[in-house]
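The structure under discussion appears below in the form of structure tokens.
Here, each number is a calculation from the coordinates, and none is a lab measurement. Quick caveat: nothing in here was measured; it's all calculated off a predicted structure. Cβ sites come from the backbone with ideal geometry, for glycine too, and all protein chains shown count toward neighbours.
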Amino acid sequence: MSVENLKGHVKSIHFDRNPYDHYLELEQAAEYIEKEFLKAGLEVKEDSFQWEGRSYKNIVAEKKGAAFPQRVFILGAHYDTVPGSPGADDNASGVSVLLEVARKIQTAHVDGSVRFIAFSLEEYNFIGSAHYVEKLKKGKEEILGMISLEMVGFTGPKQNYPPVVNPKYYPNVGDFIAIVGNERSKELLENICRSFKTHIPQLPLEFLIVPGKGEGMEEARLSDHSPFWDHGFPALMVTDTSFLRNPNYHHPSDTLETLNFEFMREVAVGIYYSIIELAK
């Protein structure tokens, strides 16, 4: 995994990518992602949908499994922003890790398929991922699990927690990656935590399991994993904890210069080995 590659991906989509007054830039980001997936040697498709009179698309790339192609693991990250923010951490960081893992995994052997999805319109009630899951639940594939990469590039001296979480059980410094799952996803979460601790032990890791579909903790639902939860699929959010740590959340100050690219590289390593082991 390369810090320079990660930085290059963030630089390439480091601009306002919202659907209202920067629609062309949102399309430009989609084109960049598609090009990078193709460069990695993956099969690429556009999953298009309509919203408020315009067309949008999720970019879907896949490495087919050698033995069980109908068994699919999904890694996703959204590429849109809110108005007024260049969205470095939210969520160019997630897209960057998505692309770097896709590049690396192309040369690996996997028995099951690995699907990479760059979702659009996450910031607008998860419209892109909800559209995708509606199609997915009608299919016949076996979904091994899903990971949503949601802001994975910021570290800092302070760390806050949702009101329902007791902070005495968690660190007060924002130097860790968090993995959030629901009860349906407990086994998936345990497997991924094991992979992280085995292959990138120097990266501080915390995890949280929420009841049901996360209804009791809004913060646990704020990414593209939540439509998967709503339809019974095992899914996780991997995150730097967003606004609970990063003061630049949804602001013009969410810039490339604020990111910790070595932290992102370590996250990418953990994700890569997790997927390799889960897709066996």
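Summary table
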{"item": "Cut-off 15 Å between beta-carbons: net charge of the residues surrounding Ile127, Lys and Arg +1, Asp and Glu -1", "result": "-3"}
{"item": "Estimated vicinal HN-Hα couplings, Hz - segment 76-83 in sequence order (Karplus 6.51, -1.76, 1.60; Gly, Pro = x)", "result": "x, 7, 8, 10, 8, 10, 7, x"}
{"item": "Anchor Lys140: lysines whose Cα lies under 16 Å away (excluding residues fewer than 8 positions away in-chain)", "result": "Lys64"}
{"item": "Residue-by-residue Karplus 3J(HN,Hα) for segment 98-113, coefficients 6.51, -1.76, 1.60, Hz, glycine and proline x", "result": "4, 5, 5, 5, 4, 4, 6, 6, 4, 8, 8, 9, 9, 6, x, 7"}
{"item": "Using a Förster distance of 35 Å, the FRET efficiency for His251-Gln202 (Cβ separation, nearest 0.05)", "result": "0.70"}
{"item": "Relative contact order (%) - criterion: Cα under 8 Å, at least six apart; region: the chain", "result": "25"}
{"item": "Protection proxy ranking, peptides 257-267, 70-80, average beta carbon neighbours within 10 Å, highest first", "result": "70-80, 257-267"}
{"item": "Part-to-part distance (alpha-carbon centres) for segment 156-225 and segment 108-128, which is given in Å", "result": "20"}
{"item": "Cα-derived Rg to Rh of the chain, Kirkwood definition", "result": "0.93"}
{"item": "Separation in nanometres of the label points that stand 7 Å from Cα toward Cβ, at Ser2 and Glu262", "result": "2.0"}
{"item": "Along principal axes, Cα extents of segment 231-271, largest first, whole Å", "result": "36, 24, 14"}
{"item": "Distance in nm between pseudo-label sites at Asp21 and Gln70 (7 Å out along the Cβ direction from Cα)", "result": "5.1"}
{"item": "Fully extended contour minus Cα-Cα distance, from Val165 to His109, at 0.36 nm per residue", "result": "16.2 nm"}
{"item": "Integer Hz, Karplus 6.51/-1.76/1.60 couplings in order for segment 42-54, x for Gly and Pro", "result": "9, 6, 10, 9, 9, 9, 8, 7, 10, 8, 6, x, 10"}
{"item": "Sequence-distant residues sharing a close amide H with Asp175 (under 5 Å, placed H)", "result": "Gly156"}
{"item": "Percent of beta bridges antiparallel (DSSP, the chain, rounded to nearest 5)", "result": "45"}
{"item": "Mean residue ellipticity (222 nm) of the chain, computed from DSSP H runs ≥ 4 via -39,500 (n - 2.57), nearest 500", "result": "-9500 deg cm²/dmol"}
{"item": "Distant-in-sequence amide H partners of Val152 (H built 1.01 Å from N, under 5 Å)", "result": "Ser93, Gly94, Asp240"}
{"item": "Neighbour net charge for Leu203 - beta-carbon separation under 12 angstrom, K R +1, D E -1", "result": "-3"}
{"item": "Extreme residue, positive dipole direction of the chain, given options Pro163, Ser274, Phe37 (C-beta unit charges)", "result": "Ser274"}
{"item": "Cut-off under 5 Å, modelled amide H: who pairs with Trp51 long-range", "result": "Tyr56"}
{"item": "Share of alpha-carbon pairs per 5 Å distance bin for segment 45-125, given as whole %", "result": "3, 14, 21, 21, 17, 12, 7, 3, 1, 0"}
{"item": "Net charge dipole size for the chain [Lys, Arg +1 and Asp, Glu -1 on Cβ; Debye, nearest 20]", "result": "860"}
